[in-house]
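Participant: Take a look at this one; I'll ask things after.
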């Protein structure tokens, strides 16, 4: 009885161990491929599963998450025969675990190789300068080629990104010189544009200054002309007024005698001044005129007395 009990206990433990080893818990976003007697049987999705002992086994385990695969760098020849080192990152996702298991031996390795060959083909169609500008074209071309080839593998390629495009050091030096020359060119152009604008501004300022100065000169001359006109007008008015006063004085009683007296005085004064300033004295040919003047003056004085 004791031996039978031991055998029974051992059998129970053995069955428990077998069941325990055939219990599988599949994580979320994962898929297990089950083969029964070496042939595909089913695909286990996330959750709790029990396998048939000695018949079922897990042949493949796949993650259904999007995977980022680093594509190693490689040397590519551009259209203008320049060697560049290019690498990138490939993003793919398993959409059919059965095809990913039986459609190809290693879909990751195959996708990387196809991405590299496609990259070499695309880079070979572009010149060096275009390789830096056409990153989107390179990415889309690689995604299209790899996605089309990986469809029988149950793999979906979502995107590809070029990480680095590294030209040779000699080409980098030449590009740096070119960029430096381009920057110097832009600096000279900007400086010349600034100088041009400064000259235009100075010319415009000089023009405005000349216009303002001419306007001021014009206004000054107008003011001077108006002042002279007013001065002439006032002098003329004063002269006319003086003439009218003289005429009135002459027409008054004794006015003519006063005029004659004034004329005689001026005549005598001028004649005396000529005698002082010159060594030779000029004597009028008709002294009767002088006598007449003196007589007139004497007569006027007497009449006034």
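The values are calculated or read from the model by the stated rules, or taken from the named source; none is laboratory data. These figures come from a predicted structure and were not determined experimentally. Using ideal geometry, Cβ is built from the backbone for each residue, glycine included, and neighbour counts are taken over all protein chains shown.
Participant: Quick one: would you say residue 179 is under 27 Å from residue 116 (Cβ atoms), without any contact (Cβ under 8 Å) to a residue 24 or more places away in the chain and not assigned by TED's automatic domain parsing to the domain that holds residue 74?
Facilitator: Details: under 27 Å from residue 116 (Cβ atoms): no; without any contact (Cβ under 8 Å) to a residue 24 or more places away in the chain: yes; not assigned by TED's automatic domain parsing to the domain that holds residue 74: yes.
Taking the combined requirement at face value, the residue does not satisfy it.
Participant: Follow-up question, since we're still on this one. Just need a number here: residues in the stretch 71-81 that are in contact with a strand residue (DSSP E or B) (Cβ under 8 Å, 6 or more places away or on another chain) and not in a strand (DSSP E or B).
Facilitator: Step one: list which residues in the stretch 71-81 are in contact with a strand residue (DSSP E or B) (Cβ under 8 Å, 6 or more places away or on another chain), which gives 71-78.
Those still in the list that are not in a strand (DSSP E or B) too: 78.
Here the count works out to 1.
Participant: Consider residue 104 against the criteria (1) closer than 19 Å to residue 162 by Cβ; (2) surrounded by fewer than 20 Cβ atoms within 10 Å (Cβ to Cβ): it satisfies all of them except one. Which criterion is unmet?
Facilitator: Checking residue 104 against (1) closer than 19 Å to residue 162 by Cβ; (2) surrounded by fewer than 20 Cβ atoms within 10 Å (Cβ to Cβ), the one that fails is (1).
Participant: Can you list the helices (runs of 4 or more DSSP H) lying wholly within the stretch 103-183 that have 1 or more residues being at pLDDT 90 or above and out of contact with any helix residue (DSSP H, G or I) (no Cβ under 7 Å at 6 or more places or on another chain)? Spell out the reasoning first.
Facilitator: Numbers: elements: 107-124, 128-133, 135-150.
Because the criterion is at least 1 residues that are at pLDDT 90 or above and out of contact with any helix residue (DSSP H, G or I) (no Cβ under 7 Å at 6 or more places or on another chain), the helices (runs of 4 or more DSSP H) in the stretch 103-183 that meet it are 107-124, 135-150.
Participant: Sort through 94, 84 and tell me the only one that's within 30 Å of residue 37 (Cα to Cα), touching a residue at least 40 places away in the same chain (Cβ under 8 Å) and touching a strand residue (DSSP E or B) at 6+ places or on another chain (Cβ under 6 Å). It would help to see each step written out before you state the result.
Facilitator: Values: 84 fails: within 30 Å of residue 37 (Cα to Cα).
After applying the criteria, what remains is 94.
Participant: Look at residue 33 and say whether it is more than 30 Å from residue 161 (Cα to Cα) and either over 60 Å from the mean Cα position of the chain (by Cα) or at pLDDT 85 or above (or both).
Facilitator: Numbers: more than 30 Å from residue 161 (Cα to Cα): yes; either over 60 Å from the mean Cα position of the chain (by Cα) or at pLDDT 85 or above (or both): yes.
So residue 33 fits the description; yes.
Participant: For the stretch 140-163, how many residues are in contact (Cβ under 8 Å) with a residue 40 or more places away in the chain and either outside the structural domain of residue 124 (by TED's automatic domain parsing) or within 24 Å of residue 104 (Cβ to Cβ) (or both)? I'd like the intermediate steps shown before the answer.
Facilitator: Applying the first criterion (in contact (Cβ under 8 Å) with a residue 40 or more places away in the chain) to the stretch 140-163 yields 142, 146, 150, 152-163.
Filter again for either outside the structural domain of residue 124 (by TED's automatic domain parsing) or within 24 Å of residue 104 (Cβ to Cβ) (or both), leaving 142, 146, 150, 152-161.
Qualifying residue count for the region: 13.
Participant: Shifting gears a bit: Return yes or no: is residue 86 assigned to a helix (DSSP H, G or I) and surrounded by 13 or more Cβ atoms within 10 Å (Cβ to Cβ)?
Facilitator: Values: assigned to a helix (DSSP H, G or I): no; surrounded by 13 or more Cβ atoms within 10 Å (Cβ to Cβ): yes.
So residue 86 fails the test.
Participant: Also, quick follow-up: How many residues are within 14 Å of residue 101 (Cβ to Cβ) and either in contact (Cβ under 8 Å) with a residue 40 or more places away in the chain or part of a strand (DSSP E or B) (or both) if we restrict to the stretch 45-70? Even if it seems obvious, please write down each step before you answer.
Facilitator: Taking the stretch 45-70 first, the residues within 14 Å of residue 101 (Cβ to Cβ) are 57-64.
With either in contact (Cβ under 8 Å) with a residue 40 or more places away in the chain or part of a strand (DSSP E or B) (or both) added as a condition, the list becomes 57-63.
The total comes to 7.
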